[in-house]
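What follows is a short report on a single structure.
The values are calculated or read from the model by the stated rules, or taken from the named source; none is laboratory data. Keep in mind that this is a model prediction, so the values were computed, not measured. Using ideal geometry, Cβ is built from the backbone for each residue, glycine included, and neighbour counts are taken over all protein chains shown.
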Amino acid sequence: MKKHLLAALLAAGAAVAFPALGSDDTASPTPQAAARAGNAGTAPVRREIILDKRTPEYWRVTLHNPPFNIFGPETIPQLNEVITAIETDPKVRVVVFDSDVPGFFLTHYDFVPPLEATTGMPAGKTGLPPLPDMLVRLSKAPVVSIVSIRGRATGVGSELALASDMRFASREKAVLSQWEVGSALVPGGGPMARMPGLMGRGRTLEVLLSGNDIDGDLAERYGYVNRSLPDKDLDAFVDTLATRISRFDKQTIADIKHQVDVVTLPTDAQIGAGWEGFITSVQRPAAQTRIKQLMEKGLQKNPDVERRLPVYTGQLTGADTSK
């Protein structure tokens with residue numbers, strides 16, 4: 001049996017492998033894996049993140065990994081390329097993240113890729129592993145980051161939204177969640193460190209410990225997003241706001257943002273603790289059992305599973321790790 005992603009995450013000396021993702025004899029590739037396979041590694045990497053420089057000052061970053069916008073190892077260097085450009089470009093003032101995949105903004109990590117796809121990646125500029133590193137850098141970049149959420153923002157999608165400066169959601173079509181608890185996983189992208197400052201302790205624990213979906217209106221009431229807007233108005237509102245910000249002085253934007261960051265952002269160590277919690281959680285039998293069950297039900301292949309994760313995680317059973 002091949003070693004898959006969660007085994008890869010344990011590669012730095014973990015004693016427990018993660019056998020839950022099926023075997024070579026039974027597992028069929030996901031659409032993402034099939035698209036990547038190509039001819040023995042000769043196929044070009046498919047762009048999953050598309051950068052559109054509307055003007056030198058205003059950029060749009062479109063997430064494009066149909067059918068479910070799953071975030072995987074190939075996405076990491078592409079996102080890093082964009083984050084680095086945001087940090088270093090002398091003119092850009094505002095960047096908007098959106099999706100062109102119907103029903104999905106950005107979802108969870110890809111559980112299928114082989115070991116070397118993840119373990120071959122070095123730590124990022126902050127010293128954190130690549131995903132939390134990029135989210136920290138986005139938060140601290142001297143550029144305003146805005147997410148326009150239409151569809152499901154689950155796991156990494158929620159964490160990208162939380163790391164951004166502003167969040168706007170479709171009232172009818174946005175769904176936010178941290179689904180991990182239902183699979184006995186600790187979220188790894190920093191929501192435990194970021195959410196309390198946005199929505200308070202009780203609501204943070206409700207979101208993280210229920211694993212339930214949060215629609216646009218409830219997300220607004222809880223402070224998960226800035227505003228929930230009618231779907232027909234979302235694009236125009238975000239574009240108007242981004243265009244307005246893009247006309248202001250870059251240094252002034254950076255100075256204001258930095259002073260807000262000082263009193264609102266969690267420390268890198270707090271974000272890193274979440275990732276360490278994730279690495280610990282994936283070693284436990286409960287997570288191994290539950291992810292296996294989800295894969296058998298069709299995670300990453302069955303649209304109904306991806307659209308209704310709380311329903312499916314609520315049906316799972318797993319080993320008790322409390323003793």
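Observations
- Ala273 surrounded by fewer than 19 Cβ atoms within 10 Å (Cβ to Cβ), aliphatic (A, V, I, L, M) and within 18 Å of the chain's Cα centre (by Cα): yes
- Residue that is nearest to Pro132 (Cα to Cα), among those in region 243-286 that are of a type in the set (D, E, K, R) and modelled with pLDDT of 95 or more: Asp268
- The helices (runs of 4 or more DSSP H) falling completely within region 126-238 that include 1 or more residues that are in contact with a helix residue (DSSP H, G or I) (Cβ under 9 Å, 6 or more places away or on another chain), surrounded by 18 or more Cβ atoms within 10 Å (Cβ to Cβ) and of a type in the set (S, T, N, Q) map to 130-140, 156-163, 201-210.
- Residue within region 251-274 that is within 22 Å of Leu176 (Cβ to Cβ), not in a helix (DSSP H, G or I) and not β-branched (Val, Ile, Thr) present: yes
- The selection criterion, being of a type outside the set (A, V, I, L, M) and within 29 Å of Lys292 (Cβ to Cβ), holds for Phe104.
- The C-beta contact set for region 85-113 (first residue modelled with pLDDT under 95, second residue surrounded by fewer than 20 Cβ atoms within 10 Å (Cβ to Cβ) and not in a loop (DSSP other than H, G, I, E, B), distance under 6 angstrom, 6+ apart or interchain) comprises Val112/Ala33.
- With respect to the conditions (1) under 20 Å from the mean Cα position of the chain (by Cα); (2) over 28 Å from Ala193 (Cβ atoms), Thr280 lacks only one, and its number is (2).
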